[in-house]
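Here's the structure we're looking at; comments come further down.
No lab work stands behind these numbers, since they all come straight from the coordinates. Note that the structure is predicted; figures quoted are calculated from it, not measured. In this analysis, Cβ positions are derived from the backbone assuming ideal geometry, glycine residues included, and neighbour counts consider all displayed protein chains.
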Amino acid sequence: MRIITFNANGIRSAANKGFFDWLKQQKADVTCIQETKAQEDQLGDPVFRPDGHHCFYKDASTKKGYSGVAIYAKREPDEVRTALGWAPFDDEGRYIEARFGNLSVVSFYIPSGSSGELRQGFKFEVMDWLKPILDEWMSSGRDYVLCGDWNIVRSALDIKNWKSNQKNSGCLPPERDWLNGLCGPANEESGGWVDAYRLLHPQGEDYTWWSNRGAARANDVGWRLDYQLTTPALGKRLKACAIERELRFSDHAPFIVDYRQ
């Protein structure tokens, strides 16, 4: 089973840069997209309905051209969910879940707080509200893969300039404590969510996002913000992962994970 997560920073822009041509070659079972920055009625071109895929979108209803998530699946899901029950989060188009039997694949877009104190405050609210939901999912007996842009790094391994970013959103100690508290130690026996990349690459220093300013990507001055977090049973089935950093579809790179059947 292959699952891809990708923050497109505008799905129409990513399409113009060849994302869908690349996706055809990946043979992914499920693809999770964040930051579509479009309303579904703007995506009538067949390119946004790839052949052989069932496509589902959750747009932001609060502001057009903002946020938005999507899931493309080879197999038709038994159910698709697009709301978790809190309008400030749901209405920004930040969650969509496809259910296949006992497996749930979620496309998440956790808010960024980089624009100022107001949005950072909202990010902390989201984190507090989301924690019991994630705990409930963990104890539900279902298999989950939580894909998406979490807008948080976990450790110095996940960011090039660790010391200078300690006071910046995405690297704040409370954010890291929250995410690390969800994941626990980097092994599938911890009982917490399994960070697929970190389990497969315990000392890896790869990134999935680079600022558009300066030559951040050329110099690999990046952050690892895009994750696949799995329930422990799926953590035992992790086979391989890759970050497609060479093809620049957006300021983020697609993150691909293969799971054993």
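A few notes on this one:
- Relative contact order (percent, whole number), region 2-259, Cα cutoff 8 Å, 6+ residue spacing: 19
- Candidates 195, 177, 226: whichever shows maximal mean-square fluctuation once the chain is modelled as a Gaussian network with Cα springs under 10 Å: 177
- Selection from 161, 147, 108 lying farthest towards where the dipole of the chain points positive, charges on Cβ: 161
- Karplus (6.51, -1.76, 1.60) ³J(HN,Hα), θ = phi - 60°, over region 92-98, in Hz, Gly and Pro reported as x: 8, x, 10, 8, 8, 10, 10
- Placing +1 on each Lys and Arg Cβ and -1 on each Asp and Glu Cβ, with no other charges, gives region 176-257 a dipole about its Cα centre of roughly 100 debye.
- Cys with no candidate disulfide partner in the chain (beta-carbon separation under 4.7 Å rule): 55, 171, 183, 241
- Residue 139-residue 221 pseudo-label distance in nm [points 7 Å out on the Cα-to-Cβ vector]: 4.5
- Kirkwood Rh, Cα atoms: Rg over Rh of region 25-80: 0.97
- Cross-link check: pairs 17/63; 123/160; 17/37; 131/167; 27/239; 24/160 evaluated at a Cα-Cα cut-off of 20 Å; pairs beyond the cut-off: 17/63; 123/160; 131/167; 24/160.
- Adding -39500 (n - 2.57) for every DSSP H run of four residues or longer, then dividing by how many residues the chain holds, sets the calculated 222 nm ellipticity at -6500 deg cm²/dmol.
- Across region 57-70, computed HN-Hα scalar couplings (Karplus, 6.51 cos²θ - 1.76 cosθ + 1.60, θ = phi - 60°) run 10, 10, 8, 6, 9, 7, 8, 5, x, 10, 6, x, 10, 8 Hz from first to last residue, x flagging Gly and Pro.
- Prolate/oblate/rounded call for region 1-143, Cα gyration tensor, a/c under 1.5 rounded: oblate
- Total charge dipole magnitude, the chain, about the Cα centre, Cβ charges on Lys, Arg, Asp, Glu only, Debye to nearest 20: 580
- Tensor-based shape of region 125-261 (alpha-carbon gyration tensor, a/c under 1.5 rounded, otherwise prolate or oblate): oblate
- For the chain, the membrane-span-like helix rule (DSSP H, alpha carbon extent of at least 18 Å along the helix axis, mean Kyte-Doolittle at least -1.0) picks out 117-138; this says nothing about an actual membrane.
- Once the chain from residue 157 to residue 128 is taken as fully extended at 0.36 nm per residue, the excess over their C-alpha distance is 7.9 nm.
- Relative contact order of region 92-166: 33 percent, from C-alpha pairs under 8 Å at least 6 residues apart in sequence.
- Computed about its Cα centre, the charge dipole of region 1-95 is approximately 340 debye, with only Lys, Arg, Asp and Glu carrying charge at their Cβ.
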